[in-house]
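This report concerns only the one structure given below.
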Amino acid sequence: MLWRNADFLRLWGGKTASSVGDRVSALAVPTAAILLLHADALHVGLLYVCFYLPYPLLALPAGVVVDRIPRRPLLVACDLGRFVAVLSIPITAAVGHLALVQLYAVGLAQGALGTFFEVAYRAYLPGLVGPEGLVEGNSRLEASDAAAQTVGPGLGGLLIQLLTAPTAILVDAFSFVISAAGLMRIRRVEARHEAPADTGAGFVSELREGIAALARHPVIRWTAACVATNNCGLMMTRTVFLLFAYQVLHLAPLAVGAMLLLQGLAGLAGAAAAPAVEHRLGTGPTLAASIGGESLGWALLPLAMVAPALPIAVVSMLLAGFCGPIWNVTNVSLRQSLVPARLQGRIHASNLAIAFGTIPLGALAGGWLAGALEHAVGYGPGLALTLATGGVIGIAAVGWVLARPVRTLRLRPAVQATL
């Protein structure tokens with residue numbers, strides 16, 4: 001159905017280009033820190049903290065802003081701002097002055113603008129595709145992320161191998177221009193936002209309304225807690241993953257890119273399969289199985305130290321890559337179905353603040369734990385134990401969605417006007 005929606009195709013195309021660039025940078029920026037600037041686990045953890053810290057700090061006010069102003073111009077402004085920030089890395093590297101402090105600053109800028117973009121984009125989609133197009137729209141957007149995971153790391157690894165990490169980052173910079181161009185071509189006139197229930201409500205009152213709506217809805221509340229726990233564990237694994245791959249498994253950037261490419265291929269399959277999996281298992285069981293499977297995949301990776309690395313890496317990347325998009329499509333579609341239009345921005349923002357609030361903690365914990373374990377058991381085993389610990393914490397997040405009423409959900413409810 002959405003193949004005929006030209007405006008959705010413009011949003012989808014731009015988001016896909018931006019996602020590819022992001023995946024290139026996700027490999028290139030920490031690679032530059034590790035291989036060019038000799039960053040250790042704590043430095044890499046701080047890099048991730050800078051990128052993700054703006055999400056919990058800015059998500060709640062971003063939700064109020066998104067519910068007050070037109071969303072499309074805000075999306076365009078965020079894309080152009082990120083273009084300028086990311087472009088500064090290859091320019092500075094070209095004149096020989098690249099430093100960790102600049103990577104931290106760019107991470108903060110990307111995180112801040114990305115927070116507003118994420119909230120606005122989630123709130124903008126329902127008005128663009130209608131309630132009947134939510135699952136298909138989210139599935140296609142999630143498939144784009146998986147496709148980006150397929151193309152981006154392989155492209156990034158090749159560019160890093162042949163050129164340099166800063167040069168590879170240019171791809172991310174110009175991907176934001178492509179995304180902004182697609183958004184500017186959308187023709188659908190954005191509907192006026194419905195006024196808040198209390199027409200005299202100020203900024204703080206509207207912010208509180210969004211938090212309260214999330215807190216009193218049992219399904220959205222428990223799924224947010226689930227994502228927060230899972231993100232903390234997975235961020236521990238991602239903080240040390242490249243160090244483990246480069247310095248313990250002794251993989252080249254091209255090989256690391258190939259591993260992540262495999263994860264992206266599995267993600268494409270997962271995004272495409274998400275609607276069928278939800279239909280067959282039911283919404284609640286799909287949420288539990290997908291988030292548990294993603295964390296289990298990452299928890300298996302340390303076995304590459306004591307078993308043939310290639311089979312372990314293949315199983316790990318396939319499992320994590322396939323399950324992650326199923327969770328994302330199912331959870332986002334569920335939340336969008338439960339939230340009335342006037343609260344879309346604030347509910348997504350409140351959820352984002354909770355879900356991303358634990359990511360900086362996970363990054364710091366991963367960097368600290370790897371350093372502490374290095375002194376206790378050695379460098380390689382310390383990184384492996386950190387990977388395993390993060391995976392186990394991620395698996396434990398399943399407990400939140402095993403509670404009623406999420407566990408017993410079989411079909412996504414209609415929008416709840418009582419929120």
Check: Which residues, taken from region 7-65, are in a loop (DSSP other than H, G, I, E, B) and over 20 Å from GLY111 (Cβ atoms)?
Finding: HIS38, ASP40
Notebook entry, point to check: Is there any pair linking a residue in region 283-295 that is touching a residue at least 24 places away in the same chain (Cβ under 8 Å) to one that is aromatic (Phe, Trp, Tyr), with Cβ under 7 Å and at least six apart or on different chains, and which?
Noted result: LEU287/TRP327; SER290/TRP327; ILE291/TRP327; GLU294/TRP327
Check: When only residues in region 332-388 that are over 13 Å from VAL119 (Cα atoms) and among the hydroxyl-bearing types (Ser, Thr, Tyr) count, which is farthest from the chain's Cα centre (by Cα)?
Finding: TYR379
Checklist line | Residue within region 357-377 that is in a helix (DSSP H, G or I), closer than 22 Å to GLN263 by Cβ and of a type in the set (Phe, Trp, Tyr) present | finding: no
Margin query: Can you say whether VAL329 is modelled with pLDDT under 90 and of a type outside the set (D, E, K, R), as far as the supplied structure shows?
Written below: yes
Next item on the list: Working only within region 244-277, note down all residues that are at pLDDT 85 or above and surrounded by 22 or more Cβ atoms within 10 Å (Cβ to Cβ).
Entry: PHE244, ALA245, ALA266, GLY270, ALA274
Next item on the list: Could you list, in sequence order, all residues of region 278-318 that are within 21 Å of the chain's Cα centre (by Cα) and open to solvent by 70 Å² or more (accessible area, probe 1.4 Å)?
Entry: LEU296, LEU318
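The values are calculated or read from the model by the stated rules, or taken from the named source; none is laboratory data. None of the values given here were measured: they were computed from a predicted structure. With ideal geometry, Cβ positions are generated from the backbone for all residues, glycine too; neighbour counts draw on all protein chains shown. For the accessible areas, the whole protein counts, side chains as well, though only heavy atoms, and no ligand, DNA or RNA atoms are used. Shrake-Rupley method; radii C 1.70, N 1.55, O 1.52, S 1.80 Å.
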